[in-house]
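The structure appears below as structure tokens.
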Amino acid sequence: MIDTPVKSFDGLMPFAGSDLNVREHERDLAALKAFMDAPQARAVLCHKGLVALAPDLSLISCKPKDLIGANIFDPGPVFLGTDARGPIFAFSVDMPVTVNNTTLSASDFQDLRMVGGRMTPLDMALAGRARSLFDWHYNHRFCSKCGQISQPRDGGVKRRCASANCETEHFPRVNPVAIMLVVNGDHCLLGRGHGWPEGMYSSLAGFVSPGESLEEACIREVKEEVNLDVHSPRYLFSQPWPWPSQLMMGMICYADSRDITIDKNEIDDARWFSKDTVQAVYDKQSDAFLRPARIAIAHHLLKFWLAE
Ligand SMILES: [Zn+2]
């Protein structure tokens with residue numbers, strides 16, 4: 001049984017909830033050309049993992065054809081899909097690039113992690129999808145089976161090995177991560193990674209291993225990081241996280257003890273915080289710790305627990 005309070009946080013989960021139709025079955029060359037030629041077609045721009053944003057943090061866009069002659073990196077135009085406004089493509093561009101009669105500079109490209117929380121949810125979701133896809137293309141230019149060059153296909157949602165002896169198709173991968181709020185009575189356990197901003201604490205998390213369920217990953221990660229036995233792991237909600245392509249799977253689990261031993265190789269610190277303290281931090285009445293940013297699922301896991 002899955003009881004999924006997906007609306008237990010404010011609005012849409014950051015980086016999710018775009019109204020994109022990815023047009024899975026309309027990605028042959030003729031269909032892609034028709035989408036690109038559509039009068040409403042627009043292109044958004046990325047550069048080395050950053051996204052072109054206007055001063056109001058809306059996505060800078062132009063007509064895809066306006067980029068003819070620009071220096072475009074592999075994979076060329078990526079067809080993100082269509083939304084209520086029309087077809088959307090994404091381009092990974094080199095500088096300088098001129099759009100709408102304006103030459104963009106490096107400062108027009110920004111890090112979603114820094115500004116995502118101030119973007120509209122739809123723009124953030126589009127930019128996150130583009131960022132993840134470009135990262136995958138950049139790191140998969142060669143066939144992992146035979147080592148020959150691979151080429152983008154179907155508007156950038158897959159690659160195919162160019163060797164006639166191979167022709168293996170490769171698809172973007174998503175990496176599942178268990179991220180869990182550990183609860184004991186009216187306290188929850190938060191940890192911090194090495195090098196994090198001073199005072200910041202967040203949920204424990206770790207990648208799901210091959211041969212392991214999400215629930216097993218949750219129990220194992222807590223044991224590894226703080227030597228604590230937890231039980232009754234429960235899935236709550238998930239979030240796409242585009243650094244580079246994680247699926248953060250938010251969970252809650254329970255401990256019968258607050259005795260922890262921190263593995264300093266894994267994390268820098270972990271502490272128990274009372275619900276009153278966490279509530280005070282969220283109400284900006286306390287600086288007991290620096291809470292996770294609103295663009296992170298951990299922020300919403302804590303809000304879920306506060307409201308539970
Ligand atoms: Zn190959």
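The values are calculated or read from the model by the stated rules, or taken from the named source; none is laboratory data. Because the structure is a prediction, the values reported are computed rather than measured. When we count neighbours, we look across all protein chains shown, and the Cβ atoms used for this are built from the backbone with ideal geometry, even at glycine. Ligands, DNA and RNA are stripped out before the accessible areas are found, and what is left, the full protein with its side chains, is counted by its heavy atoms. Shrake-Rupley method; radii C 1.70, N 1.55, O 1.52, S 1.80 Å.
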Among (1) touching a Pro at 6+ places or on another chain (Cβ under 7 Å); (2) on the phi > 0 side of the Ramachandran plot, there is one condition residue 208 misses while meeting the rest; what is its number?
(2)
Evaluate the following for residue 113: is it under 20 Å from the mean Cα position of the chain (by Cα) and open to solvent by 50 Å² or more (accessible area, probe 1.4 Å)?
yes
Across the range 285-297, what is the number of residues that are open to solvent by 30 Å² or more (accessible area, probe 1.4 Å) and in contact with a strand residue (DSSP E or B) (Cβ under 6 Å, 6 or more places away or on another chain)?
1
Those residues of the range 227-240 which are crowded, with 19+ Cβ neighbours inside 10 Å and of a type in the set (Ser, Thr, Tyr) amount to 238
Number of positions in the range 130-171 that are among the aromatic types (Phe, Trp, Tyr) and away from the ligand (no atom under 16 Å from the Cβ):
3
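In the range 241-262, how many residues are out of contact with any helix residue (DSSP H, G or I) (no Cβ under 6 Å at 6 or more places or on another chain) and either open to solvent by 50 Å² or more (accessible area, probe 1.4 Å) or outside any loop (DSSP other than H, G, I, E, B) (or both)?
10
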Take residue 282 and decide whether it is touching a strand residue (DSSP E or B) at 6+ places or on another chain (Cβ under 6 Å) and either surrounded by fewer than 17 Cβ atoms within 10 Å (Cβ to Cβ) or over 25 Å from residue 14 (Cβ atoms) (or both).
no
Per the filter on the range 262-296, residues free of Cβ contacts under 8 Å to residues at least 40 places away in the same chain and of a type in the set (Gly, Ala, Ser) are 280, 286, 288
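Is it the case that the range 145-160 has a residue that's among the β-branched types (Val, Ile, Thr), surrounded by 14 or more Cβ atoms within 10 Å (Cβ to Cβ) and in contact with a Pro (Cβ under 8 Å, 6 or more places away or on another chain)?
yes
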How do the pairs read when you match residues in the range 162-177 that are of a type in the set (Ser, Thr, Tyr) with residues anywhere that are outside any loop (DSSP other than H, G, I, E, B) and within 8 Å of the ligand (Cβ to nearest atom), using Cβ under 6 Å and keeping only pairs 6 or more apart or on different chains?
168/161
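Being among the acidic types (Asp, Glu) and within 16 Å of the ligand (Cβ to nearest atom): is that true of residue 198 here?
Details: among the acidic types (Asp, Glu): yes; within 16 Å of the ligand (Cβ to nearest atom): no.
Judged against the criteria, residue 198 is not a match.
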Report those strands (runs of 3 or more DSSP E) wholly inside the range 169-226 carrying at least 2 residues which are out of contact with any Asp or Glu (no Cβ under 9 Å at 6 or more places or on another chain) and surrounded by 15 or more Cβ atoms within 10 Å (Cβ to Cβ).
175-184, 187-192
